[in-house]
Amino acid sequence: MSANLKPFIARLAAGETMTDDQAEAAFDIIMSGEATPAQIGALLMAMRLRGETVSEITGAVRAMRARMIAIEAPAGAIDVCGTGGDGAGTLNVSSAVTFVVAGCGVPVAKHGNRALSSRTGGADVLTALGVNVDAPMAALPSILAEAGCVFLFAPRHHPSMRHAAGPRVELATRTIFNLLGPLANPARVKHQLTGVFAPDWTRPMAETLAVLGHETAWIVHGMGLDELTLAGHNEVTALHAGKISSFVVEPEDAGLPRAPIEAILGGDAGFNAAALEAVLQNTPGAYHDTVLLNAAAALIVAGQAGDLREGVSMAAASIASGAAFAALETLRRVSAVTVS
């Protein structure tokens with residue numbers, strides 16, 4: 001295979017798609033640093049304009065996973081994250097869900113980054129909370145074991161992604177890379193609650209996870225957000241035991257009141273961190289209930305809850321008992337470790 005992207009660009013320019021093997025080869029060239037910025041930009045935009053296929057996403061994810069720095073995690077570990085890119089500027093829901101779900105005894109290997117398309121990313125808010133997102137790689141499995149959760153800082157685990165950074169910034173538009181992050185968790189989790197920035201992507205993302213051998217997942221989009229919302233209907237595509245189904249979830253299905261998106265608008269890292277900590281201290285409100293809704297979905301994906309109402313009850317107990325806040329406090333403490 002030629003160590004440049006020209007054959008793949010020619011294929012796409014002719015109106016053809018790539019197989020998963022071809023996409024894997026193309027993205028391996030990108031992540032090896034052997035493609036020029038012009039070639040990378042051409043490939044990304046050709047796929048974007050036509051629409052990325054499940055085979056192309058699958059191959060690209062395989063290329064990412066082959067080069068990522070992975071960690072060991074328990075078989076039942078789950079990831080809760082979103083693609084970003086919704087532009088809504090809401091509070092950090094998945095970061096809060098991490099501690100609530102960990103408080104229920106489900107190990108959470110949360111994959112995330114600093115703010116790229118949002119005002120405050122997961123790494124930003126966790127840093128403001130006193131969590132060391134740069135904890136030594138060798139310590140991450142023990143951190144997960146002790147705290148019940150761990151933050152996997154994407155740039156550290158996917159260093160080969162730096163080769164596409166320049167073209168992505170210069171293109172200044174969504175590309176396939178926005179979809180890949182949630183699909184390449186460094187702990188190789190088999191269970192995921194993943195939010196996407198547009199409803200059309202719930203099914204392709206679920207189909208990709210099925211091809212990659214995941215066991216359970218909910219891919220969700222809520223009224224413009226890459227998470228479940230209290231504002232109205234939520235579109236969900238679920239993967240369970242190889243079968244894929246799509247359905248709509250309303251806040252009432254979880255026994256929760258509706259609230260407008262404006263009720264969970266966030267700010268800078270300090271503002272969002274204070275709001276997150278207040279939720280874990282059981283302060284009521286729309287943010288608290290949004291976290292309950294998303295945590296309930298995560299608990300279904302983890303096989304711990306049979307439906308949303310049961311999941312909400314479990315999540316509420318995690319907060320009320322102090323277990324969720326204890327997970328945060330433990331993560332603060334154990335992430336400060338150093339490895340000689």
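Please treat every number below as a calculation from the coordinates, not as lab data. Small disclaimer: the values here were computed from a predicted structure and weren't measured. Reconstructed Cβ throughout: ideal geometry from the backbone, glycine too, with neighbour counts over all protein chains shown.
Some observations on this one:
- Note on the chain: Kirkwood hydrodynamic radius from all Cα pairs is 20.0 Å, rounded to one decimal.
- Potential extension, E146-A320 segment - 0.36 nm per residue separation minus Cα distance: 60.6 nm
- Computing Rg and the Kirkwood Rh from the Cα coordinates of the stretch 185-340 gives a ratio, Rg/Rh, of 0.98.
- Coordinate range along principal axes, alpha carbons of the stretch 1-156, Å, largest first: 52, 33, 24
- Size of electric dipole in the chain: Cβ of Lys, Arg +1 and of Asp, Glu -1, about Cα centre, debye, nearest 20: 700 debye
- Reducing the stretch 116-171 and the stretch 209-249 to their Cα centroids gives an inter-centroid distance of 24 Å.
- Across the chain, the relative contact order, built from alpha-carbon pairs under 8 Å that are at least six residues apart, equals 22 percent.
- Isotropically averaged projected area of the stretch 6-67, using the convex hull of Cα atoms (one quarter of hull area), nm²: 3.6 nm²
- Cα gyration tensor category, rounded, prolate or oblate, for the stretch 82-232 with a/c compared to 1.5: rounded
- Nearby lysines by direct alpha-carbon distance to K190 (threshold 25 angstrom, same-chain neighbours under 8 apart not counted): K110, K243
- For the stretch 250-333, the alpha carbon convex hull comes to 98 Å³ per residue, rounded to a whole number.
- Unit Cα scatterers, Debye sum, the stretch 200-276: log10 I(q)/I(0) for q = 0.12, 0.17, 0.24 Å⁻¹: -0.43, -0.75, -1.01
- Evaluating 6.51 cos²θ - 1.76 cosθ + 1.60 at θ = phi - 60° for every residue in the stretch 140-152, the Karplus couplings come out as 4, x, 6, 4, 4, 5, 7, 8, x, 7, 8, 9, 9 Hz, glycine and proline recorded as x.
- Dimensions (Å) - the stretch 109-178, Cα atoms, principal axes, largest first: 41, 25, 16
- Relative to the longest principal axis of the Cα atoms of the chain, helix 93-103 runs at roughly 60 degrees.
- FRET efficiency, 1/(1 + (r/R0)^6) with R0 25 Å, evaluated for E310 and H240 via beta carbons: 0.95
- Tilt relative to the chain, helix 269-280 - C-alpha long axis, 0 to 90 degrees, to 10: 50 degrees
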